[in-house]
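Q: Please read through the structure below; I'll follow up with questions.
Readers should treat all values here as calculations from the given coordinates under stated rules, not as data from a laboratory. Computed from a predicted model, the values in this text were never measured in an experiment. As a convention, Cβ positions derive from the backbone with ideal geometry for all residues, glycine included, and neighbour counts pool all protein chains shown.
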Amino acid sequence: MTRKCLGIYLFQTRRVWSHLPASIRTLPIGRRYGAHLNHLVRLHADRQQSFGTFFLRNRAELELLRRLLNQKPKGSRLDMLILACSKGAEVYSMAWTIHSARPDLQLNLHAVDISEEIIDFASKGIYSFADSDSADFSSKEAAKRRGDVNWNTSRDQNASIFERLTKQEIDSMFEVEGDQVRVKPSLKEGICWLCGDASDSKLLGRIGPQEIVVANRFLCHMKPADAQSCLRKLARLVKPGGYLFVSGIDLDVRTKVARDLDWKPIPDLLREVHEGDTSVRHGWPLQYWGLEPFDDRRSDRGIRYASVFQIGEAL
């Protein structure tokens, strides 16, 4: 099928989906049609990276992190890596979770992104409450060049970066100054910001093996073959017996690599973590990054829907 024909067929298939009643979409036949549509979307998609993110994006995922931390001896060091850290929301959310659950741990967290300008913005830990639509930017490019806080906070966002936070959580994580907030200094302790490529085989030499590696919501923006190659490399960054968090990826790619490399899926909060990020869940099947609904009928659900894996055995 030519790209033009595929585009026409995809347009028609989308129209059929849009007219399906919600009651039909949740039936097995509706899910199969949705899976077919999503397969076409992913084939046709122009994949590109995005800086859109949220604080406390997936609460179930953070709860699972808390539970895994319970295995750590009191006062020990935690070596952790967050890849494609973007604006820093996931970094500060996990740092806040760790400090809240285990204040005794010595956190050594590397935050890596391929964009030097976004690393510079994230490391400052300053964000804007202002609505970007109401901002008076004479030039978006000029705002970008001068590192405008409002512009960077709202960059690639389809909703506020703070929308999943309560007022109490905002007060706990930030110092509020007018329409801006600053991440509290205690949350920035132990974080090292680096510009780097997640697929770079030299990354291990720069930071060393990690107990926890977080590779969330960027592999879906790669072509499947590239994502698979990158994911195999990421496993080398994890200490034997450590954990890899990997959501926001084509499930067929993740399942294949996990099986090939004999990763151990973590069953705790399996469904809750899979469904914990509403933005990607609601994107299925019309967006290539949309997340397939959890299917209890699948015999491989324990590995297909796992978002966290233990890599190897502790030495």
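Q: Using a simple spin-label model with points 7 Å from Cα along the Cα→Cβ vector, what separation in nm is obtained for Asn70 and Arg281?
A: 2.3
Q: Of all trypsin sites (Lys or Arg not before Pro) in the range 252-315, which ones are in loop regions per DSSP and have a Cβ with at most 14 other Cβ atoms within 10 Å?
A: Working: sites: Arg254, Lys256, Arg259, Arg271, Arg281, Arg297, Arg298, Arg301, Arg304; in loops: Arg297, Arg298.
Answer in residue order: Arg297, Arg298.
Q: So what J values fall out for the range 96-113 if you push phi through Karplus, 6.51 cos²θ - 1.76 cosθ + 1.60 with θ = phi - 60°, rounded to Hz, Gly and Pro as x?
A: Along the range 96-113, the couplings run 4, 4, 5, 5, 6, 7, 9, x, 7, 6, 9, 7, 10, 10, 9, 10, 10, 8 Hz.
Q: Moving on. Please work out the FRET efficiency for the pair Arg15 and Asp268, using the Cβ-Cβ distance as r and a Förster radius of 51 Å; give the result to the nearest 0.05. Walk me through the intermediate numbers first.
A: Details: r = 41 Å, r/R0 = 0.80.
Once the sixth-power term is evaluated, E becomes 0.80.
Q: Rounded, prolate or oblate for the chain? Axes are the square roots of the Cα gyration tensor eigenvalues, ordered a ≥ b ≥ c, and the cut-off for rounded is a/c under 1.5.
A: Oblate shape, in that a/c is at least 1.5 and b/c is the bigger or equal ratio.
Q: Please arrange His19, His110 by how many other C-beta atoms lie within 10 Å of their C-beta, fewest to most.
A: Exposure proxy ranking, most exposed first: His19, His110.
Q: To the nearest 20 Debye, how big is the dipole of the range 158-315 about its Cα centre, given +1 on the beta carbon of each Lys and Arg and -1 on that of each Asp and Glu?
A: So the dipole magnitude of the range 158-315 works out to roughly 500 debye.
Q: Considering the range 146-205, what Rg and Dmax in Å follow from its alpha-carbon atoms?
A: Computed over the Cα atoms of the range 146-205, radius of gyration and Dmax are 15.3, 43 Å.
Q: What FRET efficiency do you get for Ser229 and Glu116 if R0 is 25 Å and r is their Cβ-Cβ distance, rounded to the nearest 0.05?
A: Approximately 0.60, to the nearest 0.05.
Q: What FRET efficiency comes out for Ala35 versus Arg236 if R0 is 30 angstrom and r is the Cβ-Cβ distance? Round to the nearest 0.05.
A: 0.40
Q: How high is the relative contact order of the chain, in percent, counting Cα pairs under 8 Å that sit 6 or more residues apart?
A: 20
Q: How would you rank Cys5, Cys195, going from fewest to most other Cβ atoms within 10 Å of each one's own Cβ?
A: On the way: Cys5 9, Cys195 13.
With the fewest neighbours first, Cys5, Cys195 line up as Cys5, Cys195.
Q: Starting from the range 1-86, pick out the trypsin sites (Lys or Arg not before Pro) whose DSSP state is loop and whose Cβ has at most 16 other Cβ atoms within 10 Å.
A: Arg47, Lys74
Q: Among the GluC sites (Glu not before Pro) in the range 236-315, which ones are in a DSSP loop with at most 12 other Cβ atoms within 10 Å of the Cβ? Mind listing them?
A: Here the GluC sites (Glu not before Pro) that fit, given the DSSP loop and packing criteria, are Glu313.
Q: How are the Cα pair distances of the range 18-67 distributed, in percent, across 10 Å bins from 0?
A: Once binned at 10 Å, the Cα pair distances of the range 18-67 give 19, 24, 33, 23, 0.
Q: Suppose every K and R has +1 on its Cβ and every D and E has -1 on its Cβ; what is the size of the dipole of the range 59-268 about the Cα centre, in Debye to the nearest 20?
A: Dipole magnitude for the range 59-268 comes out near 840 debye.
Q: Kindly provide log₁₀ I(q)/I(0) values, in the same order as q = 0.13, 0.17, 0.18, 0.23 Å⁻¹, from the Debye equation applied to equal alpha-carbon scatterers of the range 194-300.
A: Reported log10 I(q)/I(0), two decimals: -0.51, -0.87, -0.97, -1.46.
Q: Please report the net charge: other residues with Cβ closer than 12 Å to the Cβ of Arg25, K and R +1, D and E -1.
A: Once all neighbours under 12 Å are counted, the net charge is +2.
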